[in-house]
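Before any comments, here is the structure.
The values are calculated or read from the model by the stated rules, or taken from the named source; none is laboratory data. None of the values given here were measured: they were computed from a predicted structure. Heads up, the Cβs are rebuilt from the backbone with ideal geometry, glycines too, and the neighbour counts pull from every protein chain shown. Surface areas here come from the heavy atoms of the whole protein model, side chains and all, with no ligands, DNA or RNA. Shrake-Rupley method; radii C 1.70, N 1.55, O 1.52, S 1.80 Å.
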Amino acid sequence: MLQQRTLKSLTKAVGVGLHSGQRVELTLRPAAPDTGIVFRRVDLPQPVDIPISAQAVTDTRLASTISSGSAKVHTVEHLMSACAGLGIDNLFVDITAEEVPILDGSASSFVFLLQSAGIELQSAPKRFIRVLMPVEVREGQGASEKWARLIPYNGYKLGFEIDFDHPAVDSTGQRVEFDMGSGSYSRDIARARTFGFTKDVEMMRANGLAMGGGLDNAIVMDDYKVLNTDGLRYNDEFVKHKILDAMGDLHLLGKPLLAAYSAFRSGHALNNKLLRELLSRPDAYEVVTFDDEKSAPRGFATLARAW
Ligand SMILES: [Zn+2]
């Protein structure tokens, strides 16, 4: 049986929120089978649980925010991406502020944390959402056109295309495809950092955003070039970060997808709209488990090594 996964032990990290600049402590804890991933705001007078789901996403400006009542957690996508990449099904995420720490701006610190805690196989079948027919969402036209779609695929792969008119981005790959069955998330995707432009950062700061952002947790560009002295981690790091984000946004579905995702200039808002469109069409998907690991799509039985 292809089993659900959680952590073997708890692990902690301290950092700052990208937008709030606030210090925040994160504790990742094992959770029982079929718990899913549950954020817990432990700093509130009464701790509030926020289980992830497509409907829990209440704000997608700049980052994916989930909430329950008035309790919120911003910028969950990089941690969710690491959970998708390592196949974590069940997890408690205790957090002491309303934003996940940005750490190095990629998912690699979360991958390291999760792997250091150890991954435990659980006595319940891993449940996937298998896409049965194409589902697509679109927005805008001409230069502002963007779209995202899911089509049936026996596995999980993502293709993304960006279209930035910027000399530092144009010179890199603007299209990338990543297949969980043949690629390695930790090696190929997790290290891609978030990116921003100095002119936007100035405007965001004036509005109290990006307060924790800087050259140690983002690729920062002026009108012409990358300002980080160490340059890029991958030569197509920008579009790889969009794949990283999409994996995080899609993992908010609560179960891993079996589908091929492709997108053109999509972002957190459109990715969430795609999940809601899928869920509104019960004929377009089914929940499946695999009694025999050998019949599971390539990549899932051998995800991150459990120890
Ligand atoms: Zn991101």
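Some points to look at:
- Rounded Å value of the spacing that divides the Cα centres of segment 68-118 and segment 176-225: 16
- You can think of it this way: the chain between GLU293 and GLU25 has 92.8 nm of extra reach, that is 0.36 nm per residue less the Cα-Cα gap.
- Neighbour cut-off at most 10 other Cβ (10 Å), DSSP loop, chymotrypsin sites (Phe, Trp or Tyr not before Pro), segment 220-287: TYR224
- Result for the chain in a Gaussian network model with C-alpha springs under 10 Å: among SER20, SER68, SER182, the largest mean-square fluctuation is at SER182.
- Computed from backbone phi with θ = phi - 60° and the Karplus coefficients 6.51, -1.76 and 1.60, the 3J(HN,Hα) list for segment 180-185 is 4, x, 10, x, 10, 4 Hz; x is used for glycine and proline.
- Cα gyration tensor category, rounded, prolate or oblate, for segment 86-166 with a/c compared to 1.5: oblate
- Surface share of carbon and sulfur [accessible, 1.4 angstrom probe, percent] for the chain: 50
- Neighbour cut-off at most 10 other Cβ (10 Å), DSSP loop, GluC sites (Glu not before Pro), segment 116-184: none
- With contributions of -39500 (n - 2.57) from each DSSP H run of at least four residues, the per-residue ellipticity at 222 nm computed over the chain stands at -6000 deg cm²/dmol.
- For the chain, the solvent-accessible area of protein heavy atoms averages 43 Å² per residue (probe radius 1.4 Å; ligands and nucleic acids excluded).
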